[in-house]
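In what follows, a single structure is set out as structure tokens and then discussed.
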Amino acid sequence: MPSLIDIRRRVRSVRNTQQITKAMKMISAAKLRRAQDRAIAARPYATMLRQMLANVAEAASQNPDAGSHPLLAVRPEKKILVVVVTADRGLAGGFNNNLLKLAQRFLNEHPGAEISFLTIGRKARDYFRRRSGRIVSEHLDWMRALTLEYSDAIAEAIIDQFAKAEVDAVYLFVNEFKSVVAPQLSQSRLLPIEVPQSQSVADYIFEQKPEELLGSLLPRYIRVQIYRALLESVAAEHAARMTAMDAASSNASDMIDKLTLYMNRVRQATITREIIEIVSGAAALD
């Protein structure tokens with residue numbers, strides 16, 4: 001049976017840990033609001049750009065003399081670039097592990113392909129480095145430097161590799177912000193671009209040739225997809241960490257209650273034993 005000093009020390013340790021988890025929850029909650037607004041604000045732009053791309057691609061397809069753009073080239077997927085967006089830190093529940101399991105499942109489904117990785121986040125870098133994965137580029141502490149220029153540099157590197165036929169396909173793995181309770185795992189093919197079908201029946205008049213517009217829209221589409229993925233990951237990470245720290249604080253409260261109850265029982269048993277010893281000693285003297 002542990003002594004009262006050991007139990008008090010453990011209660012004090014759990015209470016200190018609870019203070020840390022509560023502080024981390026408050027910090028994540030404060031950051032979540034801004035990150036959520038940025039992620040949601042980027043969605044309409046991405047949707048409109050996708051619709052515009054569909055309209056321009058449909059118009060460009062009516063010109064038989066227009067050549068195919070390099071970002072639309074479909075090749076056998078012998079060389080695949082996997083882009084994985086995780087966090088730099090843990091303490092966010094299954095935020096990182098679930099996404100890495102999804103990426104690992106993708107690797108297992110393509111045993112014959114030559115797969116390389118572009119990792120965004122320390123957790124992804126460490127995971128694939130331990131498994132001897134071929135990492136061609138890594139980006140750490142990216143949340144502090146998240147700007148449009150930063151994501152554009154990543155997108156340009158991806159576009160350059162695909163345009164030079166260094167890779168045959170690019171897949172993106174990211175946590176998208178769905179709700180505060182749980183993020184949504186997303187796996188999508190980034191390149192070659194699968195042009196969406198146009199939903200509009202309007203007849204557009206283009207000042208420039210549609211194939212020229214398509215050539216400028218395709219790289220922009222990739223840049224927007226990368227930037228939106230990073231914004232979604234930031235919001236999902238803060239939501240996951242806030243939820244995890246809230247659960248940790250609740251578990252700490254339960255543990256403190258159990259330890260306090262156990263401590264009171266031990267103290268009561270100690271007092272009872274001491275009283276019995278005193279009474280027994282007094283009776284022996286009589």
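Structural remarks
- Accessible area (Å², per residue) of the stretch 145-282, counting only protein heavy atoms and a probe of 1.4 Å: 53 Å²
- For the stretch 106-258, the relative contact order comes to 22 percent (Cα pairs under 8 Å, sequence separation of at least 6).
- In sequence order, calculated HN-Hα J values of the stretch 2-12 (Karplus, 6.51, -1.76, 1.60; Hz; x Gly/Pro): x, 7, 5, 5, 5, 5, 4, 5, 5, 4, 5
- Computed over neighbours whose Cβ is under 11 Å from that of GLN18, the net charge equals +3, Lys and Arg +1, Asp and Glu -1.
- Relative frequency of Cα-Cα separations exceeding 23 Å in the stretch 49-207, percent: 47 percent
- The convex hull drawn around the Cα atoms of the stretch 1-142, when projected onto a plane and averaged over every direction, covers 14.5 nm².
- Assigned charges on the beta-carbon of Lys, Arg, Asp, Glu; the stretch 50-199 dipole about Cα centre (debye): 800 debye
- All distinct Cα pairs of the stretch 183-264 go into the 1/r average, and the inverse of that average, the Kirkwood radius, is 17.9 Å.
- For the stretch 131-252, the direction-averaged projected area of the alpha-carbon convex hull comes to 11.5 nm².
- Of LYS78/LYS101; LYS79/LYS101; LYS123/LYS178; LYS22/LYS123; LYS79/LYS209, pairs whose Cα-Cα distance is over 27 Å: LYS79/LYS209
- Based on Cα atoms of the chain, Rg over Rh with Rh as the Kirkwood radius reads 1.25.
- Stretched out straight at 0.36 nm per residue, the stretch from ARG220 to LEU72 would grow longer than its current Cα-Cα span by 51.9 nm.
- Using a cutoff of 8 angstrom between alpha carbon atoms and counting only pairs six or more residues apart, the relative contact order for the stretch 113-179 works out to 23 percent.
- Förster radius 45 Å - calculated FRET efficiency between LEU140 and GLN19, Cβ distance, rounded to 0.05: 0.95
- Total charge dipole magnitude, the stretch 235-286, about the Cα centre, Cβ charges on Lys, Arg, Asp, Glu only, Debye to nearest 20: 60 debye
- 0 to 90° range, to nearest 10: angle between helix 95-109 axis and the chain longest Cα axis: 50 degrees
- Think of each Lys and Arg Cβ as +1 and each Asp and Glu Cβ as -1; about the Cα centre, that makes the dipole of the stretch 107-184 roughly 500 debye.
- When the Cα atoms of the stretch 43-126 are aligned to their principal axes, the ranges along those axes come out at 53, 36, 17 Å in descending order.
- The DSSP beta bridges internal to the chain are antiparallel in roughly 30% of cases.
- Around PRO183: net Lys/Arg minus Asp/Glu count, Cβ-Cβ under 9 Å: -2
- Neighbours of ARG122, meaning other residues whose beta-carbon lies under 14 angstrom from its beta-carbon, give a summed charge of +1 when Lys and Arg score +1 and Asp and Glu score -1.
The values are calculated or read from the model by the stated rules, or taken from the named source; none is laboratory data. Here the structure is a predicted model, which means the values were calculated and not measured. Quick reminder, even Gly has a Cβ in these numbers, built from the backbone with ideal geometry, and neighbours come from all protein chains shown. Just so you know, the surface numbers come from the protein's heavy atoms only, side chains and all, with ligands and any DNA or RNA stripped out. Shrake-Rupley method; radii C 1.70, N 1.55, O 1.52, S 1.80 Å.
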